[in-house]
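J.: One structure follows; several queries about it will come next.
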Amino acid sequence: MKPFTKIISIITPFDNANVDTDQIIPKQFLKLITKSGFGKFLFYDWRFDHDGQKKSDFILNDPRYEDSQILVTNENFGCGSSREHAVWALKDFGFNVIISPSFADIFYSNCFKNGILPIILDIEKIKKLLQYADKIELDLASQKITFGDESIIFKIDSHRKIRLLEGLDDIDLTLKEDEKIEYFEKNSTIVSIFD
Amino acid sequence: MSETLFEKIWNSHVVVERENEPSLIYIDRHLIHEVTSPQAFDGLRANHRTVRRRDLTVATIDHNVPTTDRSLPMIDETSSIQIKTLEKNCKDFGIKLFGINDPNQGIVHVIGPQLGITLPGSTIVCGDSHTSTQGAFGAFAFGIGTSEVEHTLATQTLWLEKPKTFEILATGKRKNPFAVTSKDIILSIIKQIGTDGGTGHVLEYRGDAISDLSMEQRMTICNMSIEAGSRAGLIAPDEKTFDYLNNRKYTPKNYDELVDDWKNNLISDANSKFDKSFTIDVNKIEPQVSWGTNPAMVSDVTGKIPTPEEFGQNNEIQIESAKKALLYMDLKPDTPIVEISIDRVFIGSCTNARLEDLKDAAEIVKGKAINSNVCAMVVPGSQMVKLEAEKLGLDKIFKDANFEWRESGCSMCLGMNPDILKPGERCASTSNRNFEGRQGSGGRTHLVSPVMAAASAIAGHFVDVREWC
């Protein structure tokens, strides 16, 4: 995974609550067996009409936000299915940060595994952010969002932060604990399925 | 110190624990299916890694499988590739697969318990959010993403932040336990605590109204825990649990010893404290019907479609969501639920396609025929459920009433196979999610219990099934 760097981008205001992963990536696109190429299917049923034409009133089709890396949305984002394809689609589309008052648990965890930073901010701070149309600066190291003369400090679990900043591979880190896993296996009741 | 059931399971699976860090938790059971696993196996290959515990890992094919005649070639090439990919991955990495023609094939959350793979007190993961189903056996069972599937394959562990605990106390007795089902209980709970009421928590369902339920009914409740946003749902095991798992294909040889241990340990201590608590009196619950596009948008069958303001109760976000939902569902406020006509009926899914579900639905259907405006299908949760149902003659009851009787799989719960709604079609469904397009682009889903779905199929619109039994 690539280390997470400072981001300077305009935000995409996406005012929807309870956005489920079925909307983020509809099921007909879950049949691919690779991790790449999901961006073109992001929010497919909301972005395209039945003839496959772009819906002009859908915000992600607005050319102003084409280069935006930051999605600002509403509560309980990413609820429903555990499909990591939702995160792959957002990443592939160009989003590296998602800001919301709350996230669904599995989606939140999936973001970190793919270099997307999910930031939880209270609704008042989000409203303030939404009023700002120019580029904002987001620095994970100092946990700071700067827009114009203002700034917001956000919270993040320190271990998740380090893993993102350094682009660390979770499995490599876990394998360093191999002795402890072996110790657990020797000293616990683990019932094999096929005894 | 007093501990909740969840805390006991958690504490007995901690491999690494450091202050203010996520813990490394050991995983006892890893179930795999074709949709969320291919990229995980690719990751193993790219990094020259193997599967750490093949003896704790099994796979099946459920999401993509056609539910029609399986001797015919598959029409959908991409589904076929995904299925073949899982077959190859299982062969290459030495994982037991219940394949498309295996008599034990079925929806992953149905076959786990049915084969005795699910065990009380264990940690269970699968790349599927409805893994929570297996919490009905007193296991910590939860859905994970593909990266975590790969992590589990390679290390048999996961880094987790300890979830909080949430007690759901269900008291009272259902007035008509045949017509008011565990599906109605869980829909009522979600209606009240909301789709994010359980976020960051493990729900433990407790109380006499839960003990009263059969194992299959308990599975329906735990299945939909994820629709309240929770990490998992949990019910303490009891004699019903131990009986259910006895003498299954993969029931452990030392089962009696294990049961003795579970009986002593797998219960929340009397003085244990939950982070949150919610009480529901099941005596007051009616059959439920969802009217919107998330599982908290639910009404009593005797009720009406609420106005967005009634639903949102001063919460702007909720009011907006309800407006959007009514537009998508093409429904008007104040319409009585029983006046909503339906085009399709789907009895199936990991929520409600076990034998008891089919038996109850057949009881309603027996000797009747579905409304001529309705297409209806029954998709058993596993091939074993299908076989048992056929032994009881349920297939004949459904077919005589003009239901289609299918092979097992996830089917129209999420429409990854050819079983989908057409745009605008309205479906009474025993599944778990009424999201926009879930059952097919433009399709409209109403979540109900199997008996409600069966009665509605016959009437052609929603009916209060209590009047039928």
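The values are calculated or read from the model by the stated rules, or taken from the named source; none is laboratory data. All figures in this text were calculated on a predicted structure; none of them were measured in a lab. Using ideal geometry, Cβ is built from the backbone for each residue, glycine included, and neighbour counts are taken over all protein chains shown. Just so you know, the surface numbers come from the protein's heavy atoms only, side chains and all, with ligands and any DNA or RNA stripped out. Shrake-Rupley method; radii C 1.70, N 1.55, O 1.52, S 1.80 Å.
J.: State the number of residues belonging to segment B:333-373 that are under 18 Å from the mean Cα position of the chain (by Cα) and either farther than 16 Å from B:Ala454 by Cβ or free of Cβ contacts under 8 Å to residues at least 24 places away in the same chain (or both).
T.: 1
J.: Name the residues in segment A:6-34 that are crowded, with 17+ Cβ neighbours inside 10 Å and of a type in the set (S, T, N, Q), would you?
T.: Once the filter is applied, which keeps residues that are crowded, with 17+ Cβ neighbours inside 10 Å and of a type in the set (S, T, N, Q), segment A:6-34 yields A:Ser9, A:Thr12, A:Asn16, A:Asn18, A:Thr21, A:Gln23, A:Gln28.
J.: Determine the pairs where a residue that is farther than 16 Å from B:Ser79 by Cα, located within segment A:19-38, has a partner that is aliphatic (A, V, I, L, M) and assigned to a helix (DSSP H, G or I) with Cβ atoms under 6 Å apart, the partner being 6 or more residues away or on another chain.
T.: Pairs found: A:Thr21/A:Ala86; A:Ile24/A:Ala86; A:Ile25/A:Ala86; A:Ile25/A:Ala89; A:Phe38/A:Ala89.
J.: Given (1) more than 21 Å from A:Lys35 (Cα to Cα); (2) not in a helix (DSSP H, G or I), identify the lone condition not met by A:Ile98.
T.: (1)
J.: Going through segment B:19-46 one residue at a time, which ones are of a type in the set (S, T, N, Q) and touching a helix residue (DSSP H, G or I) at 6+ places or on another chain (Cβ under 7 Å)?
T.: Taking segment B:19-46 as the starting set, the residues that turn out to be of a type in the set (S, T, N, Q) are B:20, B:23, B:36-37, B:39.
Of everything in segment B:19-46, those that are of a type in the set (S, T, N, Q) and touching a helix residue (DSSP H, G or I) at 6+ places or on another chain (Cβ under 7 Å) turn out to be B:Thr36, B:Ser37, B:Gln39.
J.: Let me confirm something: among A:Ser68, A:Ser81, which residue is surrounded by 19 or more Cβ atoms within 10 Å (Cβ to Cβ), in contact (Cβ under 8 Å) with a residue 40 or more places away in the chain and farther than 22 Å from A:Ile10 by Cα?
T.: Working: A:Ser68 fails: farther than 22 Å from A:Ile10 by Cα.
Testing whether each residue is surrounded by 19 or more Cβ atoms within 10 Å (Cβ to Cβ), in contact (Cβ under 8 Å) with a residue 40 or more places away in the chain and farther than 22 Å from A:Ile10 by Cα leaves just A:Ser81.
J.: Please specify each residue of segment B:55-94 satisfying the condition of being open to solvent by less than 10 Å² (accessible area, probe 1.4 Å) and in contact with a helix residue (DSSP H, G or I) (Cβ under 6 Å, 6 or more places away or on another chain).
T.: Result: B:Ala59, B:Thr60, B:Ile61, B:Asp62, B:Asn64, B:Thr67, B:Asn89.
J.: Do the conditions hold for A:Glu177, that is, is it closer than 30 Å to B:Asn265 by Cα and either facing chain B (nearest Cβ under 9 Å) or among the acidic types (Asp, Glu) (or both)?
T.: yes
J.: So, in segment B:165-196, how many residues would count as being within 14 Å of chain A (Cβ to nearest Cβ), open to solvent by less than 40 Å² (accessible area, probe 1.4 Å) and farther than 19 Å from B:Gln288 by Cα?
T.: 1
J.: Additional query: Restricting the search to segment B:135-150, which residues are within 24 Å of B:Gln39 (Cβ to Cβ) and open to solvent by less than 10 Å² (accessible area, probe 1.4 Å)? Break it down into steps so the answer makes sense when it comes.
T.: Step one: of segment B:135-150, the residues within 24 Å of B:Gln39 (Cβ to Cβ) are B:141-150.
Hits for segment B:135-150 are B:Ala141, B:Phe142, B:Gly143, B:Ile144, B:Gly145, B:Thr146, B:Glu148, B:Val149.
J.: Could I ask something else about it? For segment A:145-174, enumerate the residues that are surrounded by fewer than 15 Cβ atoms within 10 Å (Cβ to Cβ), out of contact with any strand residue (DSSP E or B) (no Cβ under 9 Å at 6 or more places or on another chain) and without any contact (Cβ under 8 Å) to a residue 24 or more places away in the chain.
T.: A:Asp149, A:Glu150, A:Asp157, A:Ser158, A:Ile162, A:Asp172 - these are the residues of segment A:145-174 that are surrounded by fewer than 15 Cβ atoms within 10 Å (Cβ to Cβ), out of contact with any strand residue (DSSP E or B) (no Cβ under 9 Å at 6 or more places or on another chain) and without any contact (Cβ under 8 Å) to a residue 24 or more places away in the chain.
J.: Looking at segment B:197-207, is at least one residue of a type in the set (S, T, N, Q) and either open to solvent by less than 10 Å² (accessible area, probe 1.4 Å) or modelled with pLDDT under 95 (or both)?
T.: Restricting attention to segment B:197-207, the residues satisfying the condition of being of a type in the set (S, T, N, Q) are B:199.
If we keep only those that are either open to solvent by less than 10 Å² (accessible area, probe 1.4 Å) or modelled with pLDDT under 95 (or both) as well, we get none.
No.
J.: Continuing with this model, one more query. List the pairs whose first member sits in segment B:96-125 and is away from chain A (no Cβ under 13 Å), whose second member is open to solvent by less than 10 Å² (accessible area, probe 1.4 Å) and among the basic types (Lys, Arg), and whose Cβ atoms are under 8 Å apart, counting only residues at least 6 apart or on separate chains?
T.: If the second residue must be open to solvent by less than 10 Å² (accessible area, probe 1.4 Å) and among the basic types (Lys, Arg), the pairs left are B:Val110/B:Arg354.
J.: Looking only at segment B:225-255, how many residues end up being open to solvent by 40 Å² or more (accessible area, probe 1.4 Å) and within 13 Å of chain A (Cβ to nearest Cβ)? Break it down into steps so the answer makes sense when it comes.
T.: Here is the first cut: in segment B:225-255, the ones open to solvent by 40 Å² or more (accessible area, probe 1.4 Å) are B:238-240, B:243, B:246-249, B:253-254.
Pick out the ones that are also within 13 Å of chain A (Cβ to nearest Cβ) and you get B:248-249, B:253-254.
Residues flagged as open to solvent by 40 Å² or more (accessible area, probe 1.4 Å) and within 13 Å of chain A (Cβ to nearest Cβ) within segment B:225-255 amount to 4.
J.: One residue is enough: does segment A:30-46 have a residue meeting the conditions touching a helix residue (DSSP H, G or I) at 6+ places or on another chain (Cβ under 8 Å) and within 24 Å of A:Lys127 (Cα to Cα)?
T.: Yes - at least one qualifying residue is present in segment A:30-46.
J.: Residue under question is B:Asn271, and the condition is that it be farther than 30 Å from B:Phe435 by Cα and surrounded by fewer than 18 Cβ atoms within 10 Å (Cβ to Cβ); does it hold?
T.: Numbers: farther than 30 Å from B:Phe435 by Cα: yes; surrounded by fewer than 18 Cβ atoms within 10 Å (Cβ to Cβ): yes.
The answer is yes for B:Asn271.
J.: Kindly indicate the residue of segment B:34-54 that is open to solvent by less than 10 Å² (accessible area, probe 1.4 Å), part of a loop (DSSP other than H, G, I, E, B) and more than 8 Å from chain A (Cβ to nearest Cβ) and also farthest from B:Ser147 (Cα to Cα) among those meeting that condition.
T.: B:Glu34
J.: Need a quick list: strands (runs of 3 or more DSSP E) entirely within segment B:201-303 having at least 1 residues that are in contact (Cβ under 8 Å) with a residue 12 or more places away in the chain and in contact with a His (Cβ under 8 Å, 6 or more places away or on another chain).
T.: On the way: elements: B:201-206, B:232-234, B:276-281, B:288-290, B:298-300.
Passing ranges, in order: B:276-281, B:288-290.
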